[in-house]
Amino acid sequence: MVKICCLGAGYVGGPTMAVIAFKCPNVEVVVVDISVARIAAWNSDQLPIYEPGLDDVVKQCRGKTLFFSTDIEKHVSEADIIFVSVNTPTKTRGLGAGKAADLTYWESAARMIADVAKSDKIVVEKSTVPVKTAEAIEKILTHNSKGINFQILSNPEFLAEGTAIQDLFNPDRVLIGGRETPEGQKAVQALKDVYATWVPEDRIITTNLWSAELSKLAANAFLAQRISSMNAMSALCEATGANVSEVAYAVGKDTRIGPKFLNASVGFGGSCFQKDILNLVYICECNGLPEVAHYWKQVIKINDYQKSRFVNRVVSSMFNTVSGKKIAVLGFAFKKDTGDTRETAAIDVCKGLLGDKAKISIYDPQVTEDQIQRDLSMNKFDWDHPIHLQPMSPSAVKQVTVTWDAYEAAKGAHGVCILTEWDEFKQLDYKKIYDNMQKPAFLFDGRNVVDPVKLREIGFIVYSIGKPLDAWLKDMPAMI
Ligand SMILES: NC(=O)c1ccc[n+]([C@@H]2O[C@H](COP(=O)([O-])OP(=O)(O)OC[C@H]3O[C@@H](n4cnc5c(N)ncnc54)[C@H](O)[C@@H]3O)[C@@H](O)[C@H]2O)c1
Ligand SMILES: O=c1ccn([C@@H]2O[C@H](COP(=O)(O)OP(=O)(O)O[C@H]3O[C@H](CO)[C@@H](O)[C@H](O)[C@H]3O)[C@@H](O)[C@H]2O)c(=O)[nH]1
């Protein structure tokens, strides 16, 4: 029986390994982590991450072919294939700070593998890493060579949170990069055999190591670029009276462009897009390609602009100040169907409003008060480190309250901001919300989930990203 060990029981390691265990009854899969609390949660009824469909998959194979453990060295030494799915956050200090990937966790994982391995291993890069990382990893793995053969593969993960199980069951493609030597190709085949249990052969792409590593960064850059392109258009739509949803539909009907990933929003978030583009920018700079670096950096700049533009719309429409006013924030996660808040646009928007002394009342169906307080008091990029290394007891931000009900959050508020596209926000009784708010009642839709025409009929002053502006907002500048 093939034994797989995965280092890192996070958003990628957990679901990916659960699906491999589910689909491959002849493979034993053990997921290990340095966080005792995380492993305990994986072994409990309350999994550490919220992901539709994940509970079922885990319950069906946990204790049979799927195991979660903190005994890292034992399982690494026994495994044939070791996936490394640890954090690769943005460096916060030293060379490349604010851009380069911090490979501390990866390096310590590789050193540990080298130390405890007693037999040949296939080591798989599952984390997103800079191109050429495999070369560095090879050096570390073979530094105290005991005659053990290590084959490094790059097998980047393309799942999106909120649809992880669906994406893993039915991936657009699985990408495997390996050395072009006979041993390298044998390792590629061994990993291909695992995926081929459920993924059609023509969707398993094999490339050289560097193409696989770079393709992951390129894919995220392309996806994020579509959103920034649409968000840039949304600003122009507001200035001209065009409707960004109509523009996106018309543009996306071109089969060369396609309809997906063209939703204008308050800004993209998540642990990947910004981190991976910054990483790409840094690699371009290091390779003497400043023009290419500048091109991709613009995707992040437009995203930052979009978040500031939103805050600006809120403050300027509410008579140029939100000081002392209650603002309800509906949605804090970086997208619907996840409890993940890493790099969520909500952090920047809330911080912007707090900067103008607003009182904020937040409701999100999946994010806890502790997480929100932590996010609003943490330094940028801290949230990308393993949870047990993040600040423990944040000093609560006093002007922020967290409720478990959208109506409660909006009670007595001067304005409502929708920051995550949770389906339930489409079904809310906005008349009831309006009746319980201060007047004039403002609604700022950062996700285009509500119908602005219907809300205006109720009495709201409405701002929807990229949609024709309310008469009240028309003469106000997008940015001051
Ligand atoms: N989140 C996503 O949707 C997604 C999708 C594709 C790729 N990725 C990439 O996958 C990687 C992991 O992302 P994630 O979202 O799962 O992160 P995560 O923070 O949820 O999980 C990483 C886990 O690794 C553990 N860890 C760190 N060092 C370790 C070590 N030496 N040994 C064992 N465990 C260790 C941490 O405690 C943590 O639980 C990143 O490189 C990310 O860019 C993420
Ligand atoms: O049209 C769109 C689509 C998405 N978003 C936002 O973009 C962010 C990222 O969304 P999404 O890509 O769906 O989620 P992630 O889980 O961050 O997944 C991305 O990042 C992962 C980590 O690398 C990759 O594996 C996935 O392929 C890639 O989609 C979220 O804030 C979304 O709300 C928009 O604003 N408009």
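The values are calculated or read from the model by the stated rules, or taken from the named source; none is laboratory data. Please read these numbers as outputs of a predicted model, since none were measured by experiment. Neighbour counts are summed over all protein chains in view; Cβ atoms, including those assigned to glycine, are modelled from backbone coordinates with ideal geometry. Areas reflect the complete protein model, heavy atoms only, side chains present, ligands, DNA and RNA absent. Shrake-Rupley method; radii C 1.70, N 1.55, O 1.52, S 1.80 Å.
Of all residues in region 153-170, count the ones that are outside any loop (DSSP other than H, G, I, E, B), within 19 Å of Lys192 (Cα to Cα) and more than 8 Å from ligand 2 (Cβ to nearest atom).
Adding up the residues that qualify gives 4.
Can you name every residue in region 246-282 that is out of contact with any strand residue (DSSP E or B) (no Cβ under 9 Å at 6 or more places or on another chain) and not in a loop (DSSP other than H, G, I, E, B)?
Residues satisfying the conditions are Glu246, Val247, Ala248, Tyr249, Ala250, Val251, Gly252, Phe273, Ile277, Leu280, Val281.
If you take the residues of region 1-13 that are over 12 Å from Leu159 (Cα atoms) and of a type outside the set (A, V, I, L, M), which of them is farthest from ligand 1 (Cβ to nearest atom)?
Lys3
Looking at (1) within 16 Å of ligand 1 (Cβ to nearest atom); (2) more than 26 Å from Gly352 (Cα to Cα); (3) touching a helix residue (DSSP H, G or I) at 6+ places or on another chain (Cβ under 6 Å), which one does Phe222 not meet, given that it meets all the others?
(3)
Quick one: is Ala358 in contact with a helix residue (DSSP H, G or I) (Cβ under 8 Å, 6 or more places away or on another chain) and at pLDDT 95 or above?
In short, no.
If I ask for residues that are in a helix (DSSP H, G or I), surrounded by fewer than 18 Cβ atoms within 10 Å (Cβ to Cβ), within 16 Å of ligand 2 (Cβ to nearest atom) and without any contact (Cβ under 8 Å) to a residue 40 or more places away in the chain, which ones from region 190-226 would you list?
Arg203, Phe222, listed by residue number.
Do any residues in region 438-455 that are under 20 Å from Ala264 (Cα atoms) and of a type in the set (Lys, Arg) have Cβ atoms under 7 Å from those of residues that are part of a strand (DSSP E or B) and within 16 Å of ligand 2 (Cβ to nearest atom), where the two are at least six apart or on different chains, and which pairs are they?
What qualifies is Arg447/Ile418.
Restricting to region 14-39, give me the number of residues that are open to solvent by 20 Å² or more (accessible area, probe 1.4 Å), more than 9 Å from ligand 1 (Cβ to nearest atom) and in a helix (DSSP H, G or I).
4
If we scan region 33-42, do we find a residue that is within 16 Å of ligand 2 (Cβ to nearest atom), within 24 Å of Thr128 (Cβ to Cβ) and under 25 Å from the mean Cα position of the chain (by Cα)?
Scanning region 33-42, I find no residue that is within 16 Å of ligand 2 (Cβ to nearest atom), within 24 Å of Thr128 (Cβ to Cβ) and under 25 Å from the mean Cα position of the chain (by Cα), so the answer is no.
I'd like the residue in region 133-189 that is within 15 Å of Glu213 (Cα to Cα) and among the β-branched types (Val, Ile, Thr) and, out of all such residues, is surrounded by the fewest Cβ atoms within 10 Å (Cβ to Cβ).
Residue satisfying both the conditions and the ranking: Val174.
Within region 309-351, take every residue that is open to solvent by 40 Å² or more (accessible area, probe 1.4 Å) and part of a helix (DSSP H, G or I) and give me the one that is nearest to ligand 2 (Cβ to nearest atom).
Result: Asp348.
Could you list, ordered by first residue, the pairs with Cβ atoms under 6 Å in which the first is in region 33-44 and among the hydrophobic types (A, V, I, L, M, F, W, C) and the second is open to solvent by 40 Å² or more (accessible area, probe 1.4 Å), at least 6 apart or interchain?
Cβ pairs passing all conditions: Val36/Thr70; Ile39/Thr70; Ala41/Pro48.
Got a sec? Which strands (runs of 3 or more DSSP E) wholly within region 54-130 have at least 2 residues that are within 15 Å of ligand 1 (Cβ to nearest atom), among the β-branched types (Val, Ile, Thr) and crowded, with 16+ Cβ neighbours inside 10 Å?
By residue number, 81-84, 121-125.
Which residue is modelled with the highest pLDDT, if the candidates are limited to region 274-291 and must be hydrophobic (A, V, I, L, M, F, W, C) and open to solvent by 60 Å² or more (accessible area, probe 1.4 Å)?
For region 274-291, the residue satisfying everything is Leu289.
Do we have Gln306 as under 25 Å from Ile360 (Cβ atoms) and out of contact with any strand residue (DSSP E or B) (no Cβ under 8 Å at 6 or more places or on another chain) here?
yes
Condition first: exposed (fewer than 13 other Cβ atoms within 10 Å of the Cβ), at pLDDT 95 or above and within 8 Å of ligand 2 (Cβ to nearest atom). Can you find one or more residues in region 237-260 that meet it?
Yes, region 237-260 has at least one match.
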